[in-house]
Amino acid sequence: MERTKIIIDTDIGDDIDDALAIAFALESPELEVLGITTVFKNVKARAKLAVRLLEQAGRADIPVCAGIGNPILGKADVNEIPNQYIEEEDGEAAGFGTNGIDFIIDTVMASDGDITLVPIGPLTNIAIAILKEPALRSKVKEIVMMGGCFYSHLSEWNIRCDPEAARVVFESGIPIRAVGLDVTVQCVLRKEDTDRLMARPKRSAAYLPDLLARWRKVTNHEPMLHDPLAVCAVFDDRLLDFQQDEIVVETQGEFTRGQTYNRSALYWRGNAGQSVIRAAKSVDSEAFLKLYMDRVCH
């Protein structure tokens, strides 16, 4: 089987779905994870967490690089410790690189144009990489991302954290498939699924029981599989239906900043900010949940 080469760009450590997505990617024979980069706020803490999780998964061979903590405009708290951070780990951070932008550029530019970028956090790293090396526009095979909300008007977290970065990526000309809240909110683990994950994880998901226990202490609902669904979209074209639409990112609105507008649906035309993106419109959520659980659990 020819595997799709991917780089995962993640804000791992806040919501638990990033960690759930990495386990799924590691257990998907269709994928070859070339590396993981971290984005937004305390990227070094996020990278340290990713290194720890990969070590527990038996995949310390996968490189991890910290990217950019601040959005393109404005500031974020780059010292904030992510919710799911492993408190026992103190001392000097080690085991990862500190230039995620160069890792993305160097890896893609040295490839045969066969690398898919899988951003499951804010798009800052991807945008800065494109601005720093414009040749990425013709070298990246595809971007398959989690973010946005395309068929109802909501400001989704990954886009809202850095709308300017999202606009750069959406207007880059790179083929994009976007998995947004329209479909991800339909993919929620049941309590029995979470119990199974905690009791019978495969080696690649060995870190999940600890993180899920932490998750249950601070939330009153089971995890949504936002990011794992984007990983699934890389290799499975049966569970999701995509529709090609002209999408723009709102960067100026006082109340709508960070929203992703479907210009096809709005019947609005203009020259600025044009992009053509395939956005997920429907999902077979039951089939996806079964696939996910079968891959990460015994």
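The values are calculated or read from the model by the stated rules, or taken from the named source; none is laboratory data. Just so it is clear, the structure is predicted and the values come from calculations on it, not from any experiment. Neighbour counts are summed over all protein chains in view; Cβ atoms, including those assigned to glycine, are modelled from backbone coordinates with ideal geometry. These area figures cover heavy atoms from the full protein model, side chains too; ligands, DNA and RNA do not enter into them. Shrake-Rupley method; radii C 1.70, N 1.55, O 1.52, S 1.80 Å.
State yes or no: is I159 in contact (Cβ under 8 Å) with a residue 24 or more places away in the chain and outside any helix (DSSP H, G or I)? Lay out the reasoning, then the answer.
Details: in contact (Cβ under 8 Å) with a residue 24 or more places away in the chain: yes; outside any helix (DSSP H, G or I): no.
No; evaluated as a whole, the condition is false for this residue.
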Is there a residue in region 57-64 that is in contact with a helix residue (DSSP H, G or I) (Cβ under 7 Å, 6 or more places away or on another chain), of a type outside the set (G, A, S), touching a residue at least 40 places away in the same chain (Cβ under 8 Å) and open to solvent by less than 10 Å² (accessible area, probe 1.4 Å)? no
Go through region 143-157 and give me each residue that's open to solvent by less than 10 Å² (accessible area, probe 1.4 Å) and within 12 Å of the chain's Cα centre (by Cα). I143, V144, M145, M146, G147, G148
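Yes or no, residue by residue, for (1) more than 29 Å from Q186 (Cβ to Cβ); (2) polar (S, T, N, Q):
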site: S111; (1), (2): yes, yes
site: L117; (1), (2): no, no
site: I120; (1), (2): no, no
site: L123; (1), (2): no, no
site: L131; (1), (2): yes, no
site: K141; (1), (2): no, no
site: G147; (1), (2): no, no
site: D162; (1), (2): no, no
site: R167; (1), (2): no, no
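Taking region 138-151 only, how many residues are more than 16 Å from V283 (Cα to Cα) and either of a type in the set (S, T, Y) or outside any strand (DSSP E or B) (or both)? Break it down into steps so the answer makes sense when it comes.
Of the residues in region 138-151, the ones more than 16 Å from V283 (Cα to Cα) are 138-143.
Then keep just the ones that are either of a type in the set (S, T, Y) or outside any strand (DSSP E or B) (or both); that gives 138-141.
Residues that pass the stated criteria total 4.
Give me the residue from region 180-201 that is part of a loop (DSSP other than H, G, I, E, B) and open to solvent by 50 Å² or more (accessible area, probe 1.4 Å) and, out of that set, nearest to G13 (Cα to Cα).
Kept after step one, since they are part of a loop (DSSP other than H, G, I, E, B), are these residues of region 180-201: 180, 185-187, 189-190, 200.
Imposing the further condition that a residue be open to solvent by 50 Å² or more (accessible area, probe 1.4 Å) reduces the set to 185-186, 190, 200.
On the way: V185: 19, Q186: 22, R190: 21, R200: 22 Å.
Here the residue is V185.
Taking the stated definitions as given, is R167 basic (K, R), outside any loop (DSSP other than H, G, I, E, B), more than 27 Å from L54 (Cα to Cα) and open to solvent by 10 Å² or more (accessible area, probe 1.4 Å)? Break it down stepwise before answering.
On the way: basic (K, R): yes; outside any loop (DSSP other than H, G, I, E, B): yes; more than 27 Å from L54 (Cα to Cα): yes; open to solvent by 10 Å² or more (accessible area, probe 1.4 Å): yes.
When the stated conditions are applied, R167 passes them.
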